Amino acid sequence: MSTLRQVKRIGSTPEHLTIEWANGGMVQFAGVWLRDNLPEDRDPHSGQRLVDIADLPARPLIRSASLAGDAVRIEWESEAAAATFAVAWLAAQTAGAAAERPERITTTWLHGAAMQAATDFAWASFEELCGDSAAKLRWLTRLLQTGIAFLSDVPSTEGAILDAMGLVGRVCETNYGQVFDVRSVPLPENLAYSDLGLGLHTDNPYREPVPGFQALHVLLAAPDGGESVFADGFALCNHLRAVDPQAFDVLTRTSVPFHYRSKDAELYAERPLIQLSCRGEVNAVHYNNRSIAPLRLEPRAAADFYRAYRVFAELLREPSHQLKYPMQNGDLVLFDNQRILHGRSAFSSAGHARHLRGCYLTRDSVYSETALLRRRIAAEEPP
């Protein structure tokens, strides 16, 4: 965090404020951005804005800028009132301030087969999650960075998943209810409820919104088969972009219909297999071959899509990209359902029942819990 002692020089033009730091760095702020962020234009209690952009001058011009203690004072060409911005606050708005939210720093992992679930990803016991705030924060931060984290010693009771996940986010209800049971049943409405192996996929791309995080708690592990498989969709998409940019481009701009129907649900949504942010970065993967509905494409577009779709599918099948782990009774895995693809090997329930209980969490609630926990811990630390 910058202070007055670290400011070397202040400069301005009618449209920009320039701060040169003592360490040689420099940052610019647009005058219109400064005018839009006046401290007095926010409610002091809630922090919410009191004005709309249409209430502001269309082209606010800076007359002068100067240091005033630990703040920068701005005088405007067409307004009598000056503006004051804390230097520390301005420093926090620069690009380097991303380090203040480490959970937003993505760490991708392409070669899952070379990694060990037990040592290369976040683990905590259920007891630590309940009683150790620092351990919980470390666990949540790594979850959000790598997309996946594990818990051990979660009681093998049907309500334990809600007890555990209530500590990290808000469980969202679907047509299955708050929880769903992954076990083999006759004539399943979803192939997840069978003995079949499942290829890598993300869940429920036919929902609005797509579930943000998914938790799976092992109540009864299969002694033979049923091994969990995971892959980092962000890493796979970035790899596809590097080796086959044309396929990557097609999968980001082709709208794919997803459909699910059962006796109590009729769900449909359209979205690309690879979703990009405004900056062109991969921010979501939607891949579920079991629920893709027929695409309505012209022959040429269909040929381009199916070529790209196949290339991506073959990447998912590549063993070197897959993290495999035989989860045991009491283990729980939580992963980003719009990033981490998951699957399992086949098993036989005839001799031994396999039972996992799952739930979905809203994306914003997990990020919020992490940020709130970091804030609380920081407030408890001595200055």
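General remarks:
- Convex hull (Cα only) mean projected area of the chain, reported in nm² to one decimal: 24.3 nm²
- Given +1 at the Cβ of Lys and Arg, -1 at the Cβ of Asp and Glu and no other charges, the dipole of segment 37-115 around its Cα centre is 300 debye to the nearest 20.
- Environment charge of Leu276, counting only residues whose C-beta is closer than 15 Å and scoring Lys/Arg +1, Asp/Glu -1: +3
- A crude spin-label estimate for the pair Glu270 and Ser156, with each label 7 Å from Cα along the Cβ direction, gives 4.8 nm.
- Remark on segment 223-273: ratio of C-alpha radius of gyration to 2.2 N^0.38 Å is 1.64.
- On the basis of the beta-carbon distance and an R0 of 35 Å, Ala118 and Arg290 show a calculated FRET efficiency of 0.75.
- Neighbourhood net charge (15 Å Cβ-Cβ; Lys/Arg +1, Asp/Glu -1) for Pro209: -1
- Projecting label points 7 angstrom from Cα along Cα→Cβ for Arg376 and Ser348 puts them 4.9 nm apart.
- Near Asn329, the amide H atoms lying under 5 Å from its own belong to Ala221; only residues 5 or more places off or on other chains count, and H is placed 1.01 Å from N.
- Whole-Å distance, taken between Cα centres, linking segment 71-150 and segment 308-342: 25 Å
- Computed about its Cα centre, the charge dipole of the chain is approximately 680 debye, with only Lys, Arg, Asp and Glu carrying charge at their Cβ.
- Rounded to whole numbers, the Karplus 3J(HN,Hα) couplings from phi for segment 333-342 are 10, 10, 9, 6, 6, 9, 9, 8, 8, 9 Hz, using 6.51 cos²θ - 1.76 cosθ + 1.60 with θ = phi - 60°, and x at Gly and Pro.
- Distances between placed amide hydrogens fall under 5 Å for Ser12 paired with Thr18, all partners being 5 or more residues away or on another chain.
- Formal net charge of residues neighbouring Glu314 (Cβ-Cβ distance under 13 Å; K, R +1; D, E -1): +1
- Simple label model, 7 Å out from Cα along Cβ direction - Tyr193 to Trp21, nm: 5.6 nm
- Highest average first, the peptides 104-116, 321-333 ordered by how many other beta carbon atoms sit within 10 Å of their residues are 321-333, 104-116.
- Segment 55-209 - charge dipole about Cα centre, Lys and Arg +1 at Cβ, Asp and Glu -1, debye rounded to 20: 540 debye
- Globularity ratio of segment 4-100, using Cα Rg and 2.2 N^0.38 Å: 1.08
- Taking every alpha-carbon pair under 8 Å whose residues sit at least 6 apart, the chain reaches a relative contact order of 22 percent.
Where a number appears in this text, it was derived from the coordinates with a stated rule and is not lab data. Since this is a predicted model, take the numbers as computed values, not measurements. Cβ sites come from the backbone with ideal geometry, for glycine too, and all protein chains shown count toward neighbours.
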